[in-house]
Structures are given as C-alpha cells and as structure tokens.
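The structure appears below as structure tokens.
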Amino acid sequence: MRDTAPQTSTSDSVLDAIGHTPLIALDRLGAGLPSRVLAKLEFYSPGGSIKDRAALRMIEAAERDGRLRPGGTVIELTSGNMGTGLAIVCAVKGYRMIAVMSEGNSLERRRMLAAYGAQVELVPQAAGARPGQVSKEDLELVEQRTRELVEELYAFWPDQFENLDNATAHEMTTGAEIWEQTGGTVTHFTAMAGTGGTLVGVARALKKRNPAVQCYGGEPATAPYLAGKPVTDTSHQIQGTGYAHDLSLWDEDLVAGYVTATDEDAIETARLLATREGIFGGFSGGANVSGALQLAREAPPGSVIVTVVPDTGLKYLSTNLYPD
C-alpha cells in the first residue's frame with residue numbers, strides 16, 4: 001500500500017512540478033512478449049504534456065542571456081502542447097504569450113491555452129485540408145504567420161524546431177530520469193519525432209551512460225520522411241509529428257532505426273492503454289506505445305523498451321479518439 005502521509009515540503013511555484021513523471025510497466029498490453037515495455041507518463045506535468053520540460057528550459061535560457069526581458073512577449077508556433085507549456089511558464093513569470101496554431105488542432109488545446117492567459121492566433125488550414133489533421137502545408141502557413149507576428153511585435157520566439165535547449169531539456173531531465181528509474185537496465189528507447197527534441201535528448205542521456213542503448217525514431221506510416229522512405233500523405237491524426245521535413249535538432253548518429261504507426265495503430269493502442277492499463281493518453285501516446293510493442297516483439301528476449309506517453313487523452317475528447 002502506498003504511503004498516503006501528507007507532504008511536508010512546499011514548492012515556490014507550479015514550475016517545480018514539471019518533470020519527475022512516473023515510469024509504468026505495460027505488463028498487461030505486453031503479456032506474452034519476450035521483452036518488457038515501460039511508458040513514462042508525461043501528462044503528470046502541470047500542462048499535461050512532455051513539452052513543459054522544454055518550455056521551461058527555453059524560457060529560462062532566454063532570461064539568462066537577455067533575449068527575454070521583464071514584461072516581454074513570447075510567441076511560438078504550436079500544435080498545442082508546447083504552447084501550453086510556455087503559457088504556464090509565462091503566467092508564472094509575468095510574460096505575454098501568443099500561441100500561433102492551425103485550426104486543424106483539437107479544440108481542447110485552444111481552450112487550455114486561453115485558460116492559461118495566452119492569446120491564441122488561429123491560422124486557417126491550407127486548401128483541401130482535412131479538419132483535425134494538420135499537414136505539412138498547414139504547418140508552413142502557421143510558421144509564416146509566426147514570423148510576421150514576431151517581426152511586428154519584436155517578440156521572443158523560442159522556435160522549438162531550432163532551439164538546442166529543447167533537446168537539452170530532455171537530455172538533462174527525461175533521459176536522466178529514465179536511466180535512474182530503470183536502474184540502468186533500459187536497452188531501447190523510442191518516440192515519435194515532432195521537433196526531434198525528445199528522441200535526441202533522451203538518446204544522448206542514455207547513450208552517454210551506456211552506448212549500447214538503441215534508440216528508434218517514430219513516424220506516421222504515411223510520412224516516413226526521416227527514414228528515407230516514400231511520403232504518401234502528411235495529413236494524419238497523430239498531432240505534432242510527421243510533417244515530412246528536415247529537423248535541425250535531429251542526429252542520425254543516435255538513431256538505430258525507425259518504427260511507424262498508422263492512425264489506426266495509434267487509436268487502437270491508445271484505447272487499449274485506457275481499458276487495459278488505466279492510462280489515458282493521446283494519439284501520440286498510442287503511436288509511441290504501438291512502436292514500443294513492435295520493438296518488444298523484435299528485440300532480443302529480456303530487453304527493456306521505454307517510450308513516453310506525451311500527453312493526456314483529455315486534450316482529444318472532441319475528436320474520434322475516444323468515442324461516446
């Protein structure tokens with residue numbers, strides 16, 4: 001039975017609650033497999049996603065070197081999670097926050113941003129776009145609008161796709177936590193590649209401690225761009241990933257290979273996570289665990305496969321992920 005005694009320490013702000021998330025064995029989903037799958041539940045962070053970690057580090061780095069000064073404005077393009085992380089940090093530190101996002105992202109994400117005091121700048125989707133599925137072309141329109149606002153308002157743009165502190169946040173926190181929580185027994189890590197920050201940062205941390213750890217990038221099945229395979233469609237339901245473009249943070253030397261997930265894989269696995277493991281994640285969590293289960297079937301027996309559930313299913317209740 002868990003210790004339910006009240007905690008005696010007090011944090012100065014909610015920012016102290018970022019990270020230090022639990023790592024859970026998926027022994028019911030992985031029953032019968034020769035290897036074990038573990039998932040780090042990143043929705044335990046205040047903003048309900050893994051992006052809180054990088055958001056805090058990018059803002060604090062900008063404060064230290066003078067790119068962001070008291071009373072300043074922060075602008076970021078986002079599918080919702082990074083924007084939410086930044087909105088939380090800005091709320092605590094007193095900065096104005098503007099989140100630029102596609103109309104194709106889920107309604108819950110927009111409302112969360114507004115609740116934290118951020119201004120949400122919605123960008124219409126490209127011609128022929130499918131609602132609820134953000135394509136490469138949609139992202140390009142969001143980036144164009146972000147650049148316009150940054151120049152107009154002389155704002156600080158963390159630029160998560162280019163900012164080295166994004167990957168460093170995961171090297172210093174996420175990866176280090178995984179190593180400690182597994183007692184150094186982790187043999188494989190996999191995560192869908194959005195900005196590339198999570199995979200690259202965690203891979204650096206793990207391989208620094210054990211060069212034999214194998215790390216696998218994840219991509220939507222219709223857009224395996226990083227794997228060098230044909231891209232048939234950049235419009236899919238796995239939000240925040242699979243835009244079929246080069247990633248500045250990416251380091252191919254850290255990558256042992258790639259796994260893919262279809263929309264159906266992501267949805268089915270997310271639902272199984274909820275009904276079999278009691279873990280309520282989003283599309284990307286389903287995709288990540290699907291990839292980890294694939295590795296668990298193929299890796300040497302006794303391997304320890306780790307992945308992340310990047311955000312909560314509460315951000316997708318308006319979508320078809322969890323039917324009525």
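Annotations
- Applying both filters, DSSP loop and at most 15 other Cβ atoms within 10 Å, to the GluC sites (Glu not before Pro) of region 1-86 eliminates every site.
- Cα gyration tensor, region 93-249 - rounded (a/c under 1.5), prolate or oblate: oblate
- Distance violations [Cα-Cα > 28 Å] among Lys51/Lys208; Lys136/Lys208; Lys40/Lys207; Lys93/Lys208: Lys136/Lys208; Lys93/Lys208
- Given charges at Cβ of Lys, Arg, Asp, Glu: the chain dipole, positive-most of Ser284, Trp157, Thr307: Thr307
- Sites His20 and Arg64, calculated FRET efficiency, Cβ-Cβ separation with R0 22 Å, nearest 0.05: 0.45
- Dipole axis of the chain (+1 Lys, Arg; -1 Asp, Glu on Cβ), positive-most option in Ser79, Ala221, Ala296: Ala296
- Looking at the chain, the DSSP beta bridges with both ends there are about 15 percent antiparallel.
- Dimensions in Å of region 51-153 - Rg and Dmax from alpha carbons: 13.6, 44
- In plain terms, the bigger the Kirkwood radius, the slower the diffusion; for the chain, with that radius from Cα pairs, at 20 °C and 1.002 mPa s, Stokes-Einstein puts D at 109 µm²/s.
- Cβ-Cβ FRET estimate between Asp324 and His245, R0 fixed at 30 Å, reported to 0.05: 0.25
Read-outs throughout are calculated quantities, based only on the coordinates presented, and are distinct from any laboratory measurement. Everything numeric in this text was worked out from a predicted model, so none of it was measured. Please note: Cβ atoms are built from the backbone with ideal geometry, for glycine as well, and neighbour counts cover all protein chains shown.
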